[in-house]
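The values are calculated or read from the model by the stated rules, or taken from the named source; none is laboratory data. Note that the structure is predicted; figures quoted are calculated from it, not measured. Quick reminder, even Gly has a Cβ in these numbers, built from the backbone with ideal geometry, and neighbours come from all protein chains shown.
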Amino acid sequence: MDIPYTVQPRPDTGAYNAKVGIWLFLASEVMLFGGLFSAYILLRVGAPDGTWTHGLLNVTLGTINTVILALSAITTLMAWAACKMRMFDRFKLFQAFTIILALAFLGIKAYEYRDKFLHYQVRKVDGRYVDGHFQAATYLGKGSNAERVEHSYRGKSFVDGTTTNEFTLASVTLNGFEAETLKEINQPQPGHKHAHSEITVPAAQIKKIGNYGPKHNTFTAIYFTLTSLHALHIVGGMIVLAYLWGPGSRMWQTDPERFTNRVEVSGLFWHFVDLVWIFLFPVLYLT
């Protein structure tokens, strides 16, 4: 049994079934991201003075990713246009470019995430803060006092898997700066650059230590929520694009018009993903 309106437009909507379906799906996506953007606004407006983070994100990398997604919007459009003109080789070329650009976007995003998990903040017992990238942690063996240097933070203590000896934290070293208040870190004066140096903080002076992961503060929580959800959409879209480029392209031989419609529908989703980033970039990186 043939399914009607897979190629021809429906008389009631003027669009074929898949196009109607993707527009309904994108309407739900607008509500999803709309709710998250609203949460961002409320959290920012309600944040106590000095606690909302500014200038944490790398604007250069954000700009590069914006250009990458803008280019991918062009290449996915060109892939659809190539199908309309029955130029299958051109479709394969532009679709491949789109997938490569998507991988580049995710690679840069992964680098940014890694940087946040290597960026630490120490609150000292005296109320001051040390902020910077993690360099090393020195641990002492319980009983033996054997010194052990780790290049990742393993907590206040840990047990080596090869021995029963417990190691306790002696000090941590960050490449960063010291500040009197959180406001100096979260909201630096425009144009001000903190001078960085290696700072070692003894364990006895550490009240709290943690990286800039999602639980660091409200800004990093909403940043990771918005950008990771967007990245999941990139991954999902890339899987569909790769399928249409690979095994799904066999439909071109039997029903090129329906295949072209599939390319158009995937392109509509991809344009939505691009549009979301156009809002995310200035909201998170520039304000």
Discussion item. If a residue must be in contact (Cβ under 8 Å) with a residue 60 or more places away in the chain and over 22 Å from the mean Cα position of the chain (by Cα), how many such residues does segment 69-102 contain?
Written reply: 11
Worksheet item: Counting just the residues of segment 100-125 that are surrounded by fewer than 19 Cβ atoms within 10 Å (Cβ to Cβ) and either at pLDDT below 95 or aliphatic (A, V, I, L, M) (or both), which one comes out farthest from Tyr223 (Cα to Cα)?
Response: Val125
Worksheet item: Of all residues in segment 45-95, how many are assigned to a helix (DSSP H, G or I), hydroxyl-bearing (Ser, Thr, Tyr) and out of contact with any Leu (no Cβ under 6 Å at 6 or more places or on another chain)?
Response: 5
Worksheet item: If you check every pair at least six apart or on different chains, which have Cβ atoms under 6 Å apart with a residue in segment 103-129 that is of a type in the set (Val, Ile, Thr) first and a residue that is surrounded by fewer than 17 Cβ atoms within 10 Å (Cβ to Cβ) second?
Response: Ile108/Leu61; Val125/Gln205; Val125/Lys207
Worksheet entry | In segment 1-54, the residues that are small (Gly, Ala, Ser) and surrounded by 15 or more Cβ atoms within 10 Å (Cβ to Cβ) | Ala15, Ala18, Ala47
Item to complete: Confirm whether Thr168 is outside the structural domain of Leu229 (by TED's automatic domain parsing), of a type in the set (Ser, Thr, Tyr), crowded, with 17+ Cβ neighbours inside 10 Å and assigned to a strand (DSSP E or B).
Response: no
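Yes/no matrix, rows are residues, columns are (1) buried (at least 16 other Cβ atoms within 10 Å of the Cβ); (2) modelled with pLDDT of 95 or more; (3) assigned to a helix (DSSP H, G or I); (4) small (Gly, Ala, Ser):
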| position | (1), (2), (3), (4) |
| --- | --- |
| Ala195 | no, no, no, yes |
| Ile222 | yes, yes, yes, no |
| Leu232 | no, yes, yes, no |
| Met238 | yes, yes, yes, no |
| Ala242 | yes, yes, yes, yes |
| Gln253 | no, no, yes, no |
| Asp274 | yes, yes, yes, no |
Discussion item. Going by what's in this entry, would Ala204 be described as small (Gly, Ala, Ser) and more than 18 Å from Leu106 (Cα to Cα)?
Written reply: yes
